[in-house]
Every structure is written in C-alpha cells, then in structure tokens.
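Take a look at the structure below.
The values are calculated or read from the model by the stated rules, or taken from the named source; none is laboratory data. Here the structure is a predicted model, which means the values were calculated and not measured. With ideal geometry, Cβ positions are generated from the backbone for all residues, glycine too; neighbour counts draw on all protein chains shown.
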C-alpha cells in the first residue's frame, strides 16, 4: 500500500528526528518533501535521508497529503497564510510549534481543514520522545491514526481530550527533560564532592537514571511502590528520601510545574496577539 505523501515545512531538529524515525521504520524517502530556506539544511536532509527538498512552501504543500508545520512560532502566521491557497485538497495539518492555538491555525489556514496540534519533546531526537496530540473535529479516525504513527516513529504519543491539556503536557513532558537534566547535574556534582572522579560520577549518574526509567516503564507497579521497595527501613535510601521530604520536594515540583504551565498559557496569548 502506498504511503501518504508528507511535506515538512521547516527542516530543523524536530523535523530531522521525525524524518529519521519514519525512514528507520520503513517510510519511503521519496514520499517525503522538506522545505527550508537554508541551503545547508536542504543539503543535509537530502544526503542524510534521501528525501526531496525545496524552498517553495506552496508547491510542496499543494502535493502533500500530510503537512507538518515545523517552523518557529514567530513565523507561523506568515507561513500558514502563504500556503493557505494551496490547501483545497484538504490535507491533514500537524503543527508541532509550541504556543500556536487551534483557533489561530484555523484562522490562518482557512476553515474546514483537519488540524492536529502536537506538543513533542527533545528526546524525540534520540527516538525516545513523548508527545501530546489534540485534534479538531475535522480530523477523521484514520487521520488520527496516521498522526499517531508519525509521532510514534520517535517515541510515544497520547491523545488529549481538550486543547487546554496541551499546556499541562508542556509542563510534564515538554519541559520535563530539563528537570531530569537538572537532577543529573546535581547528582554528578555532589558525587564529585563525595570523592568520586568527574567521569565516574557522570557514568554512575547517567546509568542510574537510565536504569530507573527502564525499571519504571517495564514494571507493573507505580513509581511510589518502586521507591518503597528500594527504601529499606533504617537504610541509606530511606535517610535520603526523608531528607527530600523534609525539604518538601513535592511542593517545590508542584510550584515549578504549575509555573511552566502558566508560562505556556502566557506564551500562547503573546503569540496570538
């Protein structure tokens, strides 16, 4: 069966990761076109993946069954209004730009188009991403499956019931990798303070983070139970956990993640205005 033709408008990191994941899973390169104003980006995409490249957004959009908008939020209005006249064939539109509301996309692209908003995250660059998806009412069940397949090529995706949930996804998985990087940074630094070499502290910290994530993702119990199983009564882990709890780490995380969500709402308002 022929695969739908895809056009990526924007050839940056997220487009690269999605294209690499799709091709690794068997998607034909000749069914993918990428537009980008930078010649260096186009050359890289063509040589690395064998996809077609172009500088003409409108022509590329006109032949696509699925269009992925992978440009910076600040130029989204210009890009979408430019291609709007070429969308009479009603392709599926997937926006991976943060902060651009469905209302804005529908206004700029034209009414009646099937549109999916997506909030991916940076681990998609290593095929370990997590994305939240929200569809407008024009998106069919088949198109939802297609959108899932595209995002699942670089990790997992979850369908949201309301657009407002995109802001929660931003606070959890969109910004989430940085939370873990901060924890790893702190653990590595303190490991050195405790007498380990910089390299050994780094290796142990990263492998511990990887191992904990693998255990949690493959376990049939929740993270709280896994933590309890590691925390032997009167032991070293229990002492450390008690210290975290005495400092009210949960309240600190709650405040941080709520602030991330609030900033996502503010950015959407700023871009809309």
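A few remarks follow.
- Summed over the stretch 236-252, the residues that are surrounded by 11 or more Cβ atoms within 10 Å (Cβ to Cβ) and in a loop (DSSP other than H, G, I, E, B) give a count of 1.
- Residues (touching a helix residue (DSSP H, G or I) at 6+ places or on another chain (Cβ under 7 Å) and assigned to a loop (DSSP other than H, G, I, E, B)) located in the stretch 131-174: 136, 153, 154, 160, 163
- Tally, over the stretch 1-20, of residues that are in contact with a helix residue (DSSP H, G or I) (Cβ under 9 Å, 6 or more places away or on another chain) and more than 23 Å from residue 76 (Cβ to Cβ): 3
- In the stretch 1-31, the residue that is nearest to residue 64 (Cα to Cα) out of those that are free of Cβ contacts under 8 Å to residues at least 60 places away in the same chain and more than 20 Å from the chain's Cα centre (by Cα) is 31.
- Residue that is within 26 Å of the chain's Cα centre (by Cα), in contact (Cβ under 8 Å) with a residue 12 or more places away in the chain and either within 28 Å of residue 256 (Cα to Cα) or surrounded by 11 or more Cβ atoms within 10 Å (Cβ to Cβ) (or both), where the choices are 211, 174, 191: 174
- Set 60, 15: member being outside any strand (DSSP E or B), within 17 Å of residue 80 (Cβ to Cβ) and at pLDDT 95 or above: 60
- Each residue in the stretch 96-116 was checked for being more than 15 Å from residue 272 (Cα to Cα) and either within 23 Å of the chain's Cα centre (by Cα) or modelled with pLDDT of 95 or more (or both), and 5 pass.
- Qualifying positions in the stretch 80-112 - touching a residue at least 40 places away in the same chain (Cβ under 8 Å), surrounded by fewer than 22 Cβ atoms within 10 Å (Cβ to Cβ) and touching a helix residue (DSSP H, G or I) at 6+ places or on another chain (Cβ under 8 Å): 98, 101, 103, 104
- Qualifying residue in the stretch 207-219 (condition: outside any helix (DSSP H, G or I) and at negative phi): yes
- Residue in the stretch 38-53 that is under 27 Å from residue 171 (Cβ atoms) and assigned by TED's automatic domain parsing to the domain that holds residue 151 present: no
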